[in-house]
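The values are calculated or read from the model by the stated rules, or taken from the named source; none is laboratory data. Since the structure is predicted, the reported quantities are computational estimates derived from the model, not experimental observations. Because the Cβ atoms are built from the backbone with ideal geometry, glycine has one as well, and the counts that use them run over all protein chains shown.
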Amino acid sequence: MKKTTHEQTKIHNMRLILRTIYGNSTISRADVARITKLTPTTVSDLTEGLIADGLVAEVGFGVSIGGKPPTLLSVPSDARIAVGIDLGDSELRGSLINLRGETLYSASLPGNLKGDEAVNQVIALIDLLLEHVDRKVFLGIGLGSPGLVSLEDGVVRRAVKYQWQEVPLKAILQQKYSVPVAIANDSHVAALAEYIYGIDPNEENLVLLKVGEGISAGLILSGKIFAGDGSGAGEIGHVSVEPNGQPCRCGHIGCLETVASLRALAQMTREVFSEVNGMSNDAILDRLVRELEEGNPESIQIARRAGEYLGLAVANIVGLLNIHKIVLAGPISTLGDVLTESIVASMQEKALDTLSRQTQILVSKLGTNIVQIGAAALVQQTTLGLF
Ligand SMILES: [Zn+2]
C-alpha cells in the first residue's frame with residue numbers, strides 16, 4: 001500500500017515537472033523547482049528520467065546570475081506523436097499530431113460504413129497512419145466521435161451515423177494496439193483543442209459551437225471538458241426552434257439542425273438557385289462563401305437566416321452559463337462576417353443586454369483538423385498530464 005502511494009507521488013511530481021517545462025518554452029531546473037515548490041534534488045532526479053524517456057531535452061544555457069550558467073530544459077515538439085481521429089465528418093479523417101498540436105501527416109477513408117464495418121474502417125485508418133510514425137515516439141490514439149460517448153470507459157453509447165450502440169471502442173483499440181486510447185464526443189474534443197491551441201488559449205471557460213452536418217456544442221469549464229451527467233452536454237442541434245417547422249431526422253419538428261446546419265443551408269440554397277441541384281452540400285457551401293464575398297444579396301439572406309437561429313441558440317447558452325467566449329467551428333463557420341454579425345445581432349436581441357455585451361463570438365482558426373487536434377490533445381492530457 002505504502003509503495004503504491006510513493007509511486008503515485010512520483011508520477012504526480014513527474015507530471016508537474018513535465019507540465020511546467022512544457023508551459024515555458026525553455027526553463028532551468030532551479031526555476032522548475034521554484035515554480036513547482038519541489039526540492040532541487042527531486043526536480044533533478046525526475047528530470048533525468050524525463051530526459052532518458054526523450055520527453056525533455058537540454059537545449060542550451062541561460063543567463064548566469066553568478067557562477068556557471070544554468071542548463072535550459074525544453075519539451076521537444078515531436079517528443080511524442082499521437083493519432084487523432086475525427087469520426088464526425090462525412091469522411092473518416094485522421095492525423096499524426098505532435099505535442100504542440102501541429103499536424104504532421106493526414107489520411108482519410110470513406111466514412112459511409114455502419115456497425116462493425118465502421119469499426120474495421122477506423123482500424124484501417126489507424127493502420128494507414130501508423131505506417132508513418134516511429135513506434136518509439138508513438139503516444140496513443142485519440143478519437144472524437146459523434147453521439148453520446150462515455151469519457152470514463154470509452155464506450156460509444158449511441159452514434160446514429162454509424163448505427164453504433166454500446167460499442168466499447170476504447171477497449172477494442174487498446175487490445176489491438178496496446179497503447180493508451182482516449183475517446184470523447186467530437187464537439188467536446190474540438191472545444192479542448194480550442195482551449196489548448198486556439199484563440200487566447202488557457203482561458204478557463206469556453207463554449208465551442210460546431211456547425212456542420214449536425215450542430216452541437218462543446219463546453220470547457222475550469223479548463224476541463226464538461227460532458228454532462230449522461231455524456232450529452234451540448235447536444236443543442238435537436239432543440240426545437242421552429243414549432244411549425246420541418247420534420248427533423250430525430251423525429252421532432254423544427255430542430256435547430258433543420259434551419260442552421262450545413263444540410264439545411266444547402267437545402268435553402270437549392271430552393272433559391274436551381275443550378276446547384278445535384279451538387280454536394282460541401283460544394284454548395286463553397287459556392288455560398290464565394291457569393292458572399294461578391295455581395296450576392298440572396299446568399300447574404302441565406303447566411304443571415306442561419307445566423308439568426310444560431311444566435312437564438314447562443315442567447316440560450318449565454319443566459320444559462322454567462323461564458324464570455326463562444327467560438328464557432330465546423331464548415332458553416334467559413335461563411336465569415338455575414339454569419340457572425342447576424343449571430344451577434346440575434347443574440348443581442350434575445351439575451352439580457354448586460355450578458356450579451358460581455359460575450360464575444362469568435363471563429364476558430366484551427367480549421368478542418370480541429371477534432372483531430374482535440375482528440376490527440378485528449379491523449380496528451382490523459383497520458384502525460386500536459387494541460
Ligand atoms: Zn432533431
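Worth pointing out:
- Within the stretch 230-247, residues that are over 12 Å from Ala260 (Cα atoms) and touching a residue at least 24 places away in the same chain (Cβ under 8 Å) sit with their Cβ atoms under 7 Å from residues that are more than 13 Å from the ligand (Cβ to nearest atom) and of a type in the set (Lys, Arg), at 6+ positions apart or across chains, in these pairs: Ser231/Arg157.
- Considering residues of the stretch 16-48 that are without any contact (Cβ under 8 Å) to a residue 12 or more places away in the chain and part of a loop (DSSP other than H, G, I, E, B) only, the residue surrounded by the fewest Cβ atoms within 10 Å (Cβ to Cβ): Lys37
- Picking from residues in the stretch 114-154 that are small (Gly, Ala, Ser) and under 19 Å from Thr382 (Cα atoms), the one that is surrounded by the fewest Cβ atoms within 10 Å (Cβ to Cβ) is Ser150.
- The listed residues are Gly311, Gly319, and the only one of them that is at pLDDT 95 or above and not hydroxyl-bearing (Ser, Thr, Tyr) turns out to be Gly311.
- Candidates Lys136, Lys161: the one that is assigned to a helix (DSSP H, G or I) and closer than 27 Å to Ile236 by Cβ is Lys161.
Matching residues to (1) under 26 Å from Asp89 (Cα atoms); (2) out of contact with any strand residue (DSSP E or B) (no Cβ under 7 Å at 6 or more places or on another chain):
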{"position": "Pro297", "(1), (2)": "no, yes"}
{"position": "Gly307", "(1), (2)": "yes, yes"}
{"position": "Leu335", "(1), (2)": "yes, yes"}
{"position": "Gln360", "(1), (2)": "no, no"}
{"position": "Ser364", "(1), (2)": "yes, no"}
{"position": "Val379", "(1), (2)": "yes, no"}
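- Qualifying residue in the stretch 245-268 (condition: more than 13 Å from the ligand (Cβ to nearest atom) and farther than 24 Å from Gly88 by Cα): no
- For the residues Asp186, Asp200, the requirement of being under 30 Å from Arg135 (Cα atoms) and touching a residue at least 12 places away in the same chain (Cβ under 8 Å) singles out Asp186.
- Set Val149, Val156: member being touching a Phe, Trp or Tyr at 6+ places or on another chain (Cβ under 6 Å) and part of a strand (DSSP E or B): Val156
- Residue check for Leu219: within 25 Å of the chain's Cα centre (by Cα), touching a residue at least 24 places away in the same chain (Cβ under 8 Å) and under 20 Å from Gln348 (Cα atoms): no
- Some residue of the stretch 49-64 being in contact (Cβ under 8 Å) with a residue 60 or more places away in the chain and within 30 Å of Val160 (Cα to Cα): no
- The requirement of being within 16 Å of the ligand (Cβ to nearest atom) and surrounded by 23 or more Cβ atoms within 10 Å (Cβ to Cβ) is fulfilled nowhere in the stretch 279-289; no residue meets it.
- Qualifying residue in the stretch 85-98 (condition: in contact with a Lys or Arg (Cβ under 7 Å, 6 or more places away or on another chain) and assigned to a strand (DSSP E or B)): yes
- Summed over the stretch 204-242, residues that are within 13 Å of the ligand (Cβ to nearest atom) and out of contact with any helix residue (DSSP H, G or I) (no Cβ under 7 Å at 6 or more places or on another chain) total 3.
- Every condition in (1) under 24 Å from Glu242 (Cα atoms); (2) over 24 Å from the mean Cα position of the chain (by Cα); (3) not charged (D, E, K, R) holds for Ser274 except the one numbered (1).
- For the stretch 50-89, taking the residues that are at pLDDT below 95 and β-branched (Val, Ile, Thr), the one that is farthest from the chain's Cα centre (by Cα) is identified as Ile65.
- So Leu209, is it under 24 Å from Ile323 (Cβ atoms) and assigned to a strand (DSSP E or B): yes
- Among the residues of the stretch 350-362, those identified as surrounded by 17 or more Cβ atoms within 10 Å (Cβ to Cβ) and either of a type in the set (Ser, Thr, Tyr) or assigned to a strand (DSSP E or B) (or both) are Ser356, Thr359, Ile361, Leu362.
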